Amino acid sequence: MNWDNQNKDPWGGKNDAPDFDELVKKFSSILGGKKSSSNGSGGSSGGSSGGGFKLPTTRIFLYALFGFLIVYASQSIYQLDASERAVILRFGKFYEEQQEGLNFRLAGIDERYIENVSLTRRYSQTNSMLTKDENIVDVTVSAQYRIANLKDFVLNVKDPELSLRQAIESALRHVVGDNSLEQTLTVGREKIAQEVQTRLQQILDIYATGLLVQQVNIEKTDPPAAVKDAFDDVVAAREDKEKLQNEAERYALTIVPEARGQAQARIRNAEGYLLEVIANAEGEVGRFTQLLEEYQKAPEVTRDRMYIDAMQKVLSSTTKIMIDIDSGNNLMLLPLDKMMDQGNKIDLNQFRLRQGDQDE
């Protein structure tokens, strides 16, 4: 497809953008004009030949310069992630600290140090320590840390992580030396870890390493190998002692409330029995008082009534009755109805006893 006007773009607009070849030609003509004017009144053919020689050399130079600028820009412009920071040194001196995103440096002039400042790093080591009571113990300690100040991390210490390792050992020896063997091996490990973390951070701050200690753990504490078996026996005996004490305390917590409950129940039963006895006694006293009043009113009638009631009570509870006869032959009366009733009660009780034995 042909266009009517080559200076217009395909959409009909005027293309005013300069052509790179035209810029090179103009720049070459300027350089060529200055060269020919400096040669004086030389022949025109010589001037034209000189101009023809300079044009391709200048174009190559400009192409090389443009390519160099592109390469240099690619080496100077870089990008940092969200967790990364960079320290720029210009001529060996601190220039700036760059944040995440696109950043620029002078390639070949600026020195760049990139570190991940959000990464949690971990270091662990095992050393033999001398305790306060002059015993040797093997301690395994681990530290979690990160870079808090990248400028100090890069500039102040040659090898910050080596300094961290040496500081951990120094702090650990100092803290373990203030504790006994039993504290180091058993209950004092958490306290030792906290003290080591505090002292370690103080040492790192003094040297301005730019490191922040997040946590220190005492992972393992062991006695020397020569006495390890004996120490294990002591630890096992101590654990058995604590186990038995816990079982005894647990048993006491169950038996004491039960005994207290039984004591309270017996006290309540005794109080109820006391009230029952007092009530019965008071009732008997009241009945006797009423009977006395009636006896005083009618002694014979009351005495006969009392005799009849007593005999009824006695005879109703016996199965054999002896009757005294004047002729001298005593008569024994057997109330069969009472005996049958009592026999049925006995059989019923025996049946209940047998049924209970079978259930057991």
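Report yes if Val117 is in contact with a Pro (Cβ under 9 Å, 6 or more places away or on another chain) and more than 13 Å from Thr209 (Cα to Cα), otherwise no.
no
Starting from the stretch 90-117, take each residue that is small (Gly, Ala, Ser) and list its partners that are loosely packed, with under 14 Cβ neighbours inside 10 Å and part of a strand (DSSP E or B), counting only C-beta distances under 7 angstrom and pairs at least six apart or across chains.
As it stands, the answer is Gly101/Gln79, since those pairs meet every condition given.
Can you tell me how many residues within the stretch 175-193 are loosely packed, with under 15 Cβ neighbours inside 10 Å and in contact with a helix residue (DSSP H, G or I) (Cβ under 9 Å, 6 or more places away or on another chain)?
Residues that pass the stated criteria total 3.
For the stretch 230-247, which residues satisfy the criterion of being within 17 Å of Val187 (Cβ to Cβ) and not acidic (Asp, Glu)?
Phe231, Val234, Val235, Ala236, Ala237, Arg238, Lys241, Lys243, Gln245, Asn246
Rundown of residues vs (1) surrounded by 14 or more Cβ atoms within 10 Å (Cβ to Cβ); (2) over 16 Å from Leu200 (Cβ atoms); (3) of a type in the set (A, V, I, L, M, F, W, C); (4) modelled with pLDDT of 85 or more, yes/no style:
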residue: Arg121; (1), (2), (3), (4): yes, no, no, yes
residue: Met129; (1), (2), (3), (4): yes, no, yes, yes
residue: Lys132; (1), (2), (3), (4): no, yes, no, yes
residue: Val141; (1), (2), (3), (4): yes, no, yes, yes
residue: Arg146; (1), (2), (3), (4): yes, no, no, yes
residue: Ile168; (1), (2), (3), (4): yes, no, yes, yes
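Among the candidates Ser74, Ser124, Ser83, single out the residue that is of a type in the set (S, T, N, Q), farther than 21 Å from Val216 by Cβ and within 38 Å of the chain's Cα centre (by Cα).
Just a single option satisfies the conditions, and that option is Ser83.
Criterion first (farther than 24 Å from Met129 by Cβ, in contact with a Lys or Arg (Cβ under 6 Å, 6 or more places away or on another chain) and surrounded by 10 or more Cβ atoms within 10 Å (Cβ to Cβ)) does Leu292 satisfy it?
In short, no.
Which numbered condition trips up Asp152, out of (1) within 30 Å of Tyr95 (Cβ to Cβ); (2) of a type in the set (D, E, K, R); (3) surrounded by fewer than 18 Cβ atoms within 10 Å (Cβ to Cβ)?
The failed condition is (3).
For the structure I just gave you, tell me whether Leu106 is assigned to a strand (DSSP E or B) and either more than 22 Å from Ser163 (Cα to Cα) or not assigned by TED's automatic domain parsing to the domain that holds Val176 (or both).
Here the answer is no, as Leu106 does not meet what is asked.
The values are calculated or read from the model by the stated rules, or taken from the named source; none is laboratory data. Quick caveat: nothing in here was measured; it's all calculated off a predicted structure. Glycine gets a Cβ as well: all are built from the backbone with ideal geometry, and neighbour counts include every protein chain shown.
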